[in-house]
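The structure under discussion appears below in the form of structure tokens.
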Amino acid sequence: MTHVLSDLVKRLSSAGFDEVIISMEYVDRTMVKIANSQPSVAQSWSEVLIDLYLTKDKKILVTSMTTSDLDEILRETPRLLEQINSLEPSFIYAKIPEPDREVSPLTNLVKNSTMKFMEDPGIYAEILVNKAHEEGGERVAGALDGYFKRRCIATSNGFEKCEDSTGFTVYARVFVRDSSGHWGYGGSGFDPRDIEEVATKAAYYAKEASRAKSINIDPGRYNVILTPLVLGNFIDYISMALSGLGKILGTSFFAKNNPGDQIANEMFTLKDLPHRDDMMSSTAFDDEGLATRDNILIERGVLKSFIHNTKTATILETRSTANAGWIMPRPWNLRVEPGDFDEEELVREMRRGLLINNNWYTRYQNVVEGQFSTVTRDAVLVIENGEVAGSVKRVRIADSFPSLLRNIRGLGKRLYKTRWWEIRRSVELPYIMIENVNITKPE
Amino acid sequence: MIDLLQYAVDYARSLGASYAEARYHSHKSFGITSRNGLLVSSGSSISRGVGVRVVVEGSLGFASTNKIDRESLKNTVEKAVNIARSSSKILKVKILFSRERLGRARYNVPQRKSFENISLEEKISLHKDLAKRVAEKIRESKLATLVFSYNEDVEEKIILNSDGAYVESQIPRVSGFVNIVLAHPQRGTIQKSESIGAVGGYEKIEEEDLLNKMSSLTETMEKILLKGKEPPKDPVDIVLGSEVVGLVMHESIGHPFEADRILGREAAQAGESYARPDMLGSERIGNRYATVIDDPTIPGSYGFYLYDEEGVAARPKYLLREGVVNEFLHNRATATLFNVSSNGSSRAMDYRSEPIIRMSNTYLQPGDRSFEELIEDIRYGVYIKSYMEWNIDDTRWGQRYGGLEAYEIINGELRDFIRNPVIEFTTKQFFSNIIAKSKDLRFYAGTCGKGEPSQGVPVWLGGPDVRLSKMRLGVIGL
């Protein structure tokens with residue numbers, strides 16, 4: 001595929017653009033959605049996605065096309081030229097970097113398990129549903145989702161590489177009477193036991209919430225344990241705030257911070273690991289053709305690096321972390337380093353507080369301060385004397401991310417590769433205990 | 001194109017599908033994003049392909065491709081049929097589409113000022129003028145950031161199905177998103193996002209009067225930042241502005257009245273619903289002021305359409321009528337289960353999206369008071385005109401709205417600014433506590449998210465200003 005792209009790059013360059021990068025993805029994807037313990041729809045996508053990065057006189061034009069017709073792009077060229085000529089130079093413009101031409105694409109990212117899932121997804125949907133019921137669930141909803149992707153990057157300064165990968169996601173919400181539990185998994189491939197664990201963990205929380213006495217709590221400050229699902233949702237926002245572009249635009253709650261600042265409790269370390277063959281966003285090269293590498297973003301609570309492409313790195317006078325995104329840098333696979341506690345120990349250690357299984361609707365009240373609120377869903381267990389003493393519904397966390405990061409008091413020792421509708425990044429995370437978290441609820 | 005779509009439908013039927021549809025769906029978009037008037041990036045996109053949906057042995061399959069030729073459509077149909085069959089093994093309730101009179105129609109929405117005829121210079125100057133007008137209004141604080149995104153889009157569809165629907169449409173849309181953050185060394189920061197959106201051409205941006213609106217908003221934001229005081233601690237009379245009311249309609253009536261959600265189809269994603277099938281026609285969740293309508297046929301509205309993706313004609317739906325649950329939003333599959341006709345609520349974001357039940361333009365029916373009449377007898381209260389954030393639980397019962405522009409009301413007059421009020425209530429509390437409504441119906445643009453994979457579709461959210469009986473306010477950050 002690369003020679004076709006490099007030919008297109010040449011033709012666009014000779015049409016008058018100063019710099020050209022083409023990202024081309026061929027994606028084959030299959031998903032089965034489950035509701036009321038049966039498939040509600042099976043979906044499949046097969047498509048070619050082409051993105052163009054074009055510059056002229058420091059003006060930037062980014063174009064995306066869902067077409068497999070390369071001639072269509074050439075037919076669009078006069079219009080694109082006219083557009084870019086009418087633009088103004090972008091203040092974030094930086095010359096595209098000298099690419100790492102010798103980088104080898106990762107070759108171990110395609111997993112047979114995911115390819116098999118796409119051939120006959122019904123078998124795996126059945127495993128999820130059966131296990132959820134076997135574990136005591138009364139009904140289950142969720143999704144199983146697998147893809148194969150070939151991603152190619154070609155640049156006008158001579159980079160041409162393709163890389164193949166797969167990704168698999170499964171998540172389940174299990175209901176027991178009027179309570180529910182949720183769990184999710186995401187990786188490049190899977191073992192059927194991963195599907196079973198999703199059903200088992202979701203059923204566990206549904207049963208715990210159902211068994212526990214329903215009680216009311218007053219709004220106020222509580223110690224909380226968040227499962228990897230909740231932390232995964234928060235990490236999405238935290239990693240966005242670590243984007244160099246967010247710092248430059250002033251839309252990040254870390255905008256006033258610099259590497260070296262203590263921004264979290266010292267037990268918190270966050271890394272971006274692009275070469276993990278078991279995670280789903282791994283790659284050897286970014287969208288500018290730079291070789292990716294492991295980056296420590298926060299180490300023992302200290303901000304080590306923002307996430308950069310060449311533009312944000314140039315403005316902030318540092319080196320790209322090879323996380324392009326041409327405009328917005330993005331992380332690959334995020335991992336929070338584990339702590340010492342197993343999950344029961346965390347509950348005993350907290351003694352009194354809330355264990356929150358899942359959340360959604362995270363919204364900023366003030367993005368610059370990182371003030372947000374989010375709604376809990378599924379099980380929220382009230383812990384007294386280190387044991388489950390009740391369950392509570394419809395509470396919110398209304399706090400700020402900087403405050404949560406400072407108030408971390410414990411981390412689980414097991415890491416989970418988790419993913420669901422509200423976690424769209426590839427992550428590997430532990431349970432986390434945070435103290436003094438503001439909880440609200442309707443009167 | 002029609003021949004290809006017909007081929008796909010016929011081929012699916014020949015493979016054993018009891019129902020088949022093929023939808024050609026394209027979007028051609030262009031957008032510009034700036035920060036403080038300086039261009040960050042500009043982009044255009046073309047999304048074009050065919051989505052095929054089939055029912056095989058009662059199981060629903062969807063497949064899409066952006067390679068539009070006979071061979072590729074053949075593969076796409078086979079895939080839809082095969083995965084539907086594969087997942088039918090654990091099927092308990094078969095999908096059956098309701099019998100409907102389906103559309104055979106063609107409609108286009110004209111652009112009075114075509115996107116093509118407006119120069120890029122003019123579109124860029126809108127960004128610069130906006131930044132200038134906003135900056136002019138700032139006195140003591142600093143403009144931390146002003147991000148403005150302009151977007152134009154032309155959507156084209158051809159819908160064809162095995163039950164006889166054939167609908168062709170072209171709908172242009174324009175939208176804008178503005179985020180303003182002001183900062184003050186002692187008073188902290190204040191942030192507001194505004195969305196505008198309508199169906200039509202560039203004239204719709206001009207009609208929005210964006211420059212004056214944002215200039216005035218900035219002036220107000222600074223006053224709130226510098227002078228805003230804490231909300232009162234005791235319960236007070238509340239007046240909610242139409243912007244907040246529109247959002248409440250969307251979140252607490254629109255979403256929970258989606259029949260697929262009621263049936264649990266979105267349980268693991270967008271959630272379930274407090275509404276149940278047996279509530280229809282009998283359950284009271286509000287008083288006589290609580291009439292909520294979803295209407296895709298409002299000309300120029302952001303959620304405008306005349307036929308849904310299943311070929312069913314669009315019409316206004318009275319979801320809540322004088323406080324009583326009246327009608328849910330349906331597609332043809334849920335209509336069968338509820339033993340009603342579809343009310344044309346099936347929408348898809350693009351060719352790669354499965355059609356699912358969606359809102360269009362959802363609003364609270366306005367009342368008969370002027371704003372002054374709404375507040376004239378309030379001795380002490382708070383008027384929350386706009387919001388900066390919100391969230392709601394997944395059954396759509398408990399919700400919270402963080403106010404941005406808010407005023408103290410003393411003896412029937414708006415007085416000082418209130419900063420960071422939070423109002424938290426259940427759906428029934430809100431609709432039972434309405435005392436009066438203004439006659440001013442205003443709409444606000446939004447992009448509604450739902451589905452797996454998540455689909456964003458354009459909607460309007462609307463309503464009048466509403467007076468509520470006494471409630472207690474919270475404050476953000478506490």
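Here is how the numbers come out for the structure above:
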{"quantity": "Criterion violated by residue B:98 - all others in (1) open to solvent by less than 70 Å² (accessible area, probe 1.4 Å); (2) assigned to a strand (DSSP E or B); (3) away from every other protein chain (no Cβ under 14 Å) satisfied", "calculated": "(2)"}
{"quantity": "Residue among B:282, B:353 that alone is assigned to a loop (DSSP other than H, G, I, E, B) and more than 21 Å from the chain's Cα centre (by Cα)", "calculated": "B:282"}
{"quantity": "Any hit, segment B:321-328, residues being away from chain A (no Cβ under 14 Å), over 21 Å from the mean Cα position of the chain (by Cα), without any contact (Cβ under 8 Å) to a residue 40 or more places away in the chain and more than 24 Å from residue B:427 (Cα to Cα)", "calculated": "no"}
{"quantity": "Residue under evaluation residue B:387, criteria (1) within 14 Å of chain A (Cβ to nearest Cβ); (2) closer than 30 Å to residue B:420 by Cα; (3) open to solvent by less than 40 Å² (accessible area, probe 1.4 Å); (4) not small (Gly, Ala, Ser), criterion not met", "calculated": "(3)"}
{"quantity": "All positions within segment B:37-55 that are more than 7 Å from chain A (Cβ to nearest Cβ) and farther than 18 Å from residue A:89 by Cβ", "calculated": "B:50, B:51, B:52, B:53, B:54, B:55"}
{"quantity": "Residue list for segment B:160-185, filter: open to solvent by 10 Å² or more (accessible area, probe 1.4 Å) and within 14 Å of chain A (Cβ to nearest Cβ)", "calculated": "B:177, B:179, B:183, B:184, B:185"}
{"quantity": "Segment A:417-443, residues that are assigned to a strand (DSSP E or B), open to solvent by less than 10 Å² (accessible area, probe 1.4 Å) and within 19 Å of residue A:279 (Cβ to Cβ)", "calculated": "A:418, A:420, A:423, A:426, A:427, A:429"}
{"quantity": "Failed item, numbered, when residue A:317 is tested on (1) modelled with pLDDT of 95 or more; (2) open to solvent by 20 Å² or more (accessible area, probe 1.4 Å); (3) at negative phi; (4) more than 18 Å from the chain's Cα centre (by Cα)", "calculated": "(3)"}
{"quantity": "Residue list for segment B:188-210, restricted to those being surrounded by fewer than 18 Cβ atoms within 10 Å (Cβ to Cβ) and either within 12 Å of another protein chain (Cβ to nearest Cβ) or of a type in the set (Gly, Ala, Ser) (or both)", "calculated": "B:188, B:193, B:195"}
{"quantity": "Number of the condition not met by residue A:247 [criteria: (1) within 26 Å of residue A:95 (Cα to Cα); (2) at pLDDT below 95; (3) open to solvent by less than 30 Å² (accessible area, probe 1.4 Å)]", "calculated": "(3)"}
{"quantity": "Matching residues in segment A:100-110 - criterion: being open to solvent by less than 50 Å² (accessible area, probe 1.4 Å) and not aliphatic (A, V, I, L, M)", "calculated": "A:105"}
{"quantity": "Residue check for residue B:415: more than 14 Å from chain A (Cβ to nearest Cβ), open to solvent by 10 Å² or more (accessible area, probe 1.4 Å) and farther than 26 Å from residue B:295 by Cβ", "calculated": "yes"}
{"quantity": "Test: residue in segment A:240-258 that is farther than 30 Å from residue A:361 by Cβ, touching a strand residue (DSSP E or B) at 6+ places or on another chain (Cβ under 8 Å) and away from chain B (no Cβ under 14 Å)", "calculated": "yes"}
{"quantity": "Qualifying residue in segment B:71-89 (condition: more than 14 Å from chain A (Cβ to nearest Cβ), over 30 Å from residue B:211 (Cα atoms) and of a type in the set (A, V, I, L, M, F, W, C))", "calculated": "no"}
{"quantity": "Count of segment A:10-38 residues which are in contact with a Gly (Cβ under 9 Å, 6 or more places away or on another chain) and open to solvent by less than 10 Å² (accessible area, probe 1.4 Å)", "calculated": "8"}
{"quantity": "The listed residue being of a type in the set (D, E, K, R), modelled with pLDDT of 95 or more and in contact with a strand residue (DSSP E or B) (Cβ under 6 Å, 6 or more places away or on another chain), out of B:79, B:113, B:92, B:74", "calculated": "B:79"}
{"quantity": "Test: residue A:225 is closer than 23 Å to residue A:182 by Cβ, in the same structural domain as residue A:395 (by TED's automatic domain parsing) and buried (at least 22 other Cβ atoms within 10 Å of the Cβ)", "calculated": "yes"}
{"quantity": "Near pairs, Cβ below 7 angstrom, 6+ apart or cross-chain, from segment B:458-478 (more than 13 Å from chain A (Cβ to nearest Cβ) and over 16 Å from residue A:220 (Cβ atoms)) to any residue that is open to solvent by 30 Å² or more (accessible area, probe 1.4 Å) and at pLDDT below 95", "calculated": "none"}
{"quantity": "Some residue of segment A:401-408 being in a strand (DSSP E or B), open to solvent by less than 10 Å² (accessible area, probe 1.4 Å) and more than 13 Å from chain B (Cβ to nearest Cβ)", "calculated": "yes"}
{"quantity": "From B:139, B:85, B:133, residue being part of a helix (DSSP H, G or I) and either at pLDDT below 95 or in the same structural domain as residue B:330 (by TED's automatic domain parsing) (or both)", "calculated": "B:85"}
{"quantity": "Leading residue by the ranking (farthest from residue B:269 (Cα to Cα)) among those in segment A:156-172 that are open to solvent by less than 10 Å² (accessible area, probe 1.4 Å) and either within 11 Å of chain B (Cβ to nearest Cβ) or in a loop (DSSP other than H, G, I, E, B) (or both)", "calculated": "A:159"}
{"quantity": "Residue in segment B:20-43 that is under 23 Å from residue B:171 (Cβ atoms), open to solvent by less than 10 Å² (accessible area, probe 1.4 Å) and basic (Lys, Arg) present", "calculated": "yes"}
{"quantity": "Residue within segment A:265-285 that is open to solvent by 30 Å² or more (accessible area, probe 1.4 Å) and either at pLDDT below 95 or on the phi > 0 side of the Ramachandran plot (or both) present", "calculated": "no"}
{"quantity": "Test: residue in segment B:347-358 that is within 14 Å of chain A (Cβ to nearest Cβ), open to solvent by less than 20 Å² (accessible area, probe 1.4 Å) and touching a Pro at 6+ places or on another chain (Cβ under 7 Å)", "calculated": "yes"}
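For every residue, the table says whether it meets (1) within 18 Å of residue B:173 (Cα to Cα); (2) surrounded by fewer than 18 Cβ atoms within 10 Å (Cβ to Cβ).
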{"position": "B:109", "(1), (2)": "yes, no"}
{"position": "B:113", "(1), (2)": "yes, yes"}
{"position": "B:119", "(1), (2)": "yes, yes"}
{"position": "B:132", "(1), (2)": "no, yes"}
{"position": "B:139", "(1), (2)": "no, yes"}
{"position": "B:146", "(1), (2)": "no, no"}
{"position": "B:150", "(1), (2)": "yes, no"}
{"position": "B:158", "(1), (2)": "yes, no"}
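Table: residues versus (1) open to solvent by 10 Å² or more (accessible area, probe 1.4 Å); (2) free of Cβ contacts under 8 Å to residues at least 24 places away in the same chain; (3) part of a helix (DSSP H, G or I).
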position	(1), (2), (3)
B:226	yes, no, yes
B:234	yes, no, no
B:238	no, no, no
B:246	no, no, yes
B:251	no, no, yes
B:256	no, no, yes
B:266	no, no, no
B:287	yes, no, no
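The values are calculated or read from the model by the stated rules, or taken from the named source; none is laboratory data. In this text the structure is predicted, and so the values were computed from the model without any measurement. Virtual Cβ from ideal backbone geometry, glycine too; neighbours counted across all protein chains shown. For accessibility, only protein heavy atoms count, side chains too; no ligands or nucleic acids. Shrake-Rupley method; radii C 1.70, N 1.55, O 1.52, S 1.80 Å.
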